[in-house]
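Right, one structure below, let's go through it.
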Amino acid sequence: VQLVESGGGLVQAGGSLRLSCATSRRADSRYTMGWFRQAPGKEREFVAAILWTGGSIRYADSVKGRFTISRDNTVNTVYLQMNSLKPEDTAVYYCAARARWSVEINSEQYDFWGQGTLVTVSS
């Protein structure tokens, strides 16, 4: 499975962005899709994850209430809607896929990764 992220860019604090993750083929319904991010000088951290069926969703506490993960099976794409962005949200955001049907926050549990898209939030 190949993953291609898009939608990153520069935005002012309080603004919004929507990231997209297009998959190379229809993900099996048993897949879990996740978003992670890595800020300069920091480790990669979990942001959000969703079962491809949409039945289970999980968010990091730092983004809960501001970010929304969703998927569109018809176009094989996962989204991350980011609202009320803060400077501390600045990072490279990665889409990931896990070939098992359970939401995990550990990046080592994911099998496929995109190349990342940069999000910069100015104060």
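The values are calculated or read from the model by the stated rules, or taken from the named source; none is laboratory data. All values derive from a computational prediction rather than experimental measurement. Note: ideal-geometry Cβ built from the backbone for every residue, glycine included; neighbour counts use all protein chains shown. Just the protein is used for accessible areas: all its heavy atoms, side chains included, with ligands, DNA and RNA removed. Shrake-Rupley method; radii C 1.70, N 1.55, O 1.52, S 1.80 Å.
For S122, the criteria (1) free of Cβ contacts under 8 Å to residues at least 12 places away in the same chain; (2) in contact with a strand residue (DSSP E or B) (Cβ under 9 Å, 6 or more places away or on another chain) hold in every case but one, which is (1). Annotation note: Cβ proximity below 6 Å between a residue of the stretch 102-118 that is crowded, with 17+ Cβ neighbours inside 10 Å and a residue that is part of a loop (DSSP other than H, G, I, E, B) (sequence gap 6+ or interchain) occurs for V103/S56; S107/R44; F112/V1; T117/G8. Scanning the stretch 57-87 for residues that are open to solvent by 30 Å² or more (accessible area, probe 1.4 Å), touching a residue at least 12 places away in the same chain (Cβ under 8 Å) and either of a type in the set (D, E) or in a strand (DSSP E or B) (or both) returns I57, R58, Y59, T68, S70, R71, Y79, Q81.
Looking at the stretch 47-56, is at least one residue at pLDDT 95 or above, under 11 Å from V119 (Cβ atoms) and assigned to a strand (DSSP E or B)? Yes. The set of residues in the stretch 52-80 being among the hydrophobic types (A, V, I, L, M, F, W, C) and farther than 16 Å from S20 by Cα consists of I57, A60, V63. The set of residues in the stretch 26-41 being modelled with pLDDT under 90 and open to solvent by less than 30 Å² (accessible area, probe 1.4 Å) consists of A27, Y31.
For the stretch 1-13, indicate whether the set of residues that are over 16 Å from V92 (Cα atoms) and modelled with pLDDT under 95 is non-empty. Yes, some residue in the stretch 1-13 is over 16 Å from V92 (Cα atoms) and modelled with pLDDT under 95. With respect to (1) out of contact with any Pro (no Cβ under 8 Å at 6 or more places or on another chain); (2) within 15 Å of G7 (Cα to Cα), the lone exception for F46 is condition (2).
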